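Accompanying notes for the structure given below.
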Amino acid sequence: MILSSLPSRIDRDLYPALMSPEMCAKYPADQKAFVRIDTSLRVYWHTLFDICPELLEISGPDGLSIFRPFMAWAEERKLAFDWFYYLWVYAWLRQSPFKEQLLADQKYLRSIMGASAARWAILDRGRARGIAIGCADTTDFVIGWKCRSVRFGRQVELIEPEEPLPPPPEVFGYFTLPSFELDIFPGWQGVTR
Amino acid sequence: MRLGFNFTLGSTYDMVKRLIAEGHIDYCEYLVDNFFCVDPDELAKAFDCPIGLHVMYSRFLEADRPTLVDFAARLRDCIDATNAIYVSDHILRFTHEGRAFFHLGEVDYSGEYEFVRDKVLEWQEIVGHRIHFENYPSIMDGGLDAPAFFERLTKETGAGVLFDASNAVCANLNCGTPFEAWRNVIAAAHHFHVAGYRNSIVEPFIALDTHANSLSPETLAFLRDFRSVFDKPGATMTYERDQEIEFEDIVADLKLLRNLFGESQERRHDLVVSA
């Protein structure tokens, strides 16, 4: 149902809708508020599919069969959408009709883990230099490094260890690295909402 | 008016060096918190020019004090090492009820004024430095309240405004905030940003601050009409480009700005001394 009387004078009025395709649909499409919300939702879409284009192979070219139900699922659970964003997409895919396709090829998991590590390296402002992300579906893990010189960007590495680390107790786990060396394994921390 | 370029990514390092060497820019602005794991001395020596520091993710309206104290300690190291000509930050909402915006939110200038003012005072006290806060490229009609908000904020906190001219153009196109309403803010400001923007995908079109396009005719007209209000001793204008980074396009825009404001009368040495 489209509601023409939704408060929409200032940006703050729209905050709850900025990550909700369902709420977006309640705003008249010919109004600025709708375009503002649509613009916000497109950023979530592009953040997922521009970085993990492989997912379009299983969703179809517009990605909406993943994007819309995932965003609704995330809203129900009030997921924070920090650098865990991609990991939660994988968690949703794992219990979705796409599960079989997802688990048939590890490229999806590698893409998701790499994207998440890169997002941590971009957004985190703590003192850690790097992050390792592991998954119960693979013995490989991914490391994201923050920028260590003005001449270089952030870096993401796939690690295929000769001696696997113990698997995370949940689907995903992570630990941070205080230096630019992978020289510790303090155990896996769980992904939080 | 001294011209600068925003340095956000290691991949543009050689290009920025060339912009400096060829005299297209007079200083460089670091998106400083992208480089918190880089030795501050390396930041100071990386470019042969004065340095401005622009903060993106302090999240000072939302972060707790211990987090801000830790952030500020690293920022302070960078300020001291680079002898920064200014420090700037954003008044933005990064989350709503703990959930992250990927397209950041504009504050409620009327309803949240006192909250923002107190946070600005606290953040400047923690950093131990005057901070210049950037205006938002308003979409919704709350943007009409922005000029009065920034005018009052600077009077009551001692903070400055990093006035983004193209953000003001976006606000003018999107919600009709008159350029004239910004006159006092521009007159009091010494540090400016300018960049390209583009229209939204769907109609009714809104102008989005993308840093991916050349300067618009509307932006250039605004700068021309208010040229004498912008230009003043010590003034800086950073040209921002984060996407579609083409050297020739950037130089073309920088030449337009040079022609508009004239050659900087202050040499790089003077800019450092004035800091």
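Where a number appears in this text, it was derived from the coordinates with a stated rule and is not lab data. Bear in mind the structure is a predicted one, so any value in this text is a computation, not a measurement. Positions of Cβ are generated from backbone atoms using ideal geometry, with glycine treated the same way; all protein chains shown enter the neighbour counts.
Step by step: find N for chain B, compute 2.2 N^0.38 Å, then divide the Cα radius of gyration by it. What's the final number?
Working it through for chain B, the quotient is 0.95.
Using just the helices of the protein assembly as shown, give the 222 nm mean residue ellipticity in deg cm²/dmol: DSSP H runs with n ≥ 4 each add -39,500 (n - 2.57), and the total is spread over all residues, rounded to 500. All intermediate terms of the calculation are to be shown ahead of the outcome.
On the way: 19 runs with 190 residues, N = 468.
When only DSSP H runs of four or more count, the value is -12000 deg cm²/dmol.
Kindly write out, for segment A:152-169 in residue order, the coupling ³J(HN,Hα) from the Karplus curve 6.51 cos²θ - 1.76 cosθ + 1.60 (θ = phi - 60°), rounded to whole Hz, with x marking Gly and Pro.
Whole-Hz 3J(HN,Hα) from phi for segment A:152-169: 10, x, 6, 10, 10, 10, 9, 10, 10, x, 5, 10, x, 6, x, x, x, x.
Gaussian network model of chain B, Cα springs within a sub-10 Å range: biggest mean-square fluctuation belongs to which of B:204, B:147, B:178?
B:204
Among B:131, B:51, B:20, which one moves the most in a GNM of chain B with springs linking Cα atoms closer than 10 Å?
B:20
If you look for lysine pairs in segment A:1-146 that are eight or more places apart or on different chains, how many of them have Cα atoms under 26 Å apart?
Lysine pairs, 8 or more places apart or on different chains, close enough: 4.
Would you work out the relative contact order for segment B:145-221, in percent, from Cα pairs under 8 angstrom that are 6 or more residues apart?
So the answer I get is 30 percent.
Looking only at other chains, what is the average number of their beta-carbon atoms within 10 angstrom of each beta-carbon in A:8-21?
For this peptide, the per-residue mean of nearby foreign Cβ atoms is 6.
So which GluC sites (Glu not before Pro) in segment A:78-178 are both in a DSSP loop and have at most 11 other Cβ atoms within 10 Å of their Cβ?
Filter output for segment A:78-178: A:162.
Per residue of B:89-97, count partner chain C-beta atoms within 10 Å of its C-beta, then hand back the mean as an integer.
Working: counts 0, 0, 0, 0, 4, 2, 4, 7, 4.
For this peptide, the per-residue mean of nearby foreign Cβ atoms is 2.
Segment B:169-270: which trypsin sites (Lys or Arg not before Pro) are DSSP loop and have at most 11 other beta-carbon atoms within 10 angstrom?
The qualifying sites are B:267.
Shielding by partners for A:124-133, please: the mean number of other protein chain Cβ atoms within 10 Å of each residue's Cβ. Spell out each step's value before the answer.
Working: counts 2, 13, 4, 6, 1, 1, 1, 0, 0, 0.
The mean count of partner-chain Cβ atoms within 10 Å per residue comes to 3.
Mind listing the long-range amide H neighbours of residue B:89? Cut-off is under 5 Å, sequence gap 5 or more, other chains count too, H placed in the peptide plane at 1.01 Å from N.
Answer set, sorted by chain and number: B:55, B:132, B:133, B:134.
Using Cα pairs closer than 8 Å and at least 6 residues apart in sequence, work out the relative contact order for segment A:125-190, in percent. Show your work: numbers first, answer last.
Working: 120 pairs, mean separation 24.7, N = 66.
Relative contact order comes out at 37 percent.
What net charge is computed for the residues neighbouring residue A:13, neighbours being all others with C-beta under 12 Å from the C-beta of residue A:13, Lys and Arg scored +1, Asp and Glu -1?
So the surrounding residues net to 0.
Under a 10 Å cutoff between Cα atoms, tell me which one of A:76, A:54, A:163 has the largest fluctuation in the Gaussian network model of chain A.
The residue with the greatest mean-square fluctuation here is A:163.
Please compute one quarter of the surface area of the Cα convex hull for the protein assembly as shown and express it in square nanometres.
For the protein assembly as shown, the mean projected area of the Cα convex hull comes to 22.2 nm².
Output the antiparallel fraction of DSSP beta bridges having both residues in segment B:1-103, as a percent to the nearest 5.
Taking every DSSP beta bridge with both residues in segment B:1-103, the antiparallel ones total about 15 percent.
What span do the alpha-carbon atoms of chain A cover on each of the three principal axes, reported in whole Å from largest to smallest?
Its Cα atoms span 60, 40, 28 Å along the three principal axes.
For residue A:63, what is the net charge nearby, where nearby means another residue's Cβ is under 13 Å from its Cβ and Lys, Arg count +1, Asp, Glu -1?
Details: positive: A:42, A:68; negative: A:50, A:54, A:57, A:62.
Value of the local net charge: -2.
Using a Cα-Cα cut-off of under 25 Å, which lysines could be cross-linked to residue B:232, ignoring same-chain neighbours fewer than 8 residues away?
Straight-distance partners of residue B:232: B:155, B:255.
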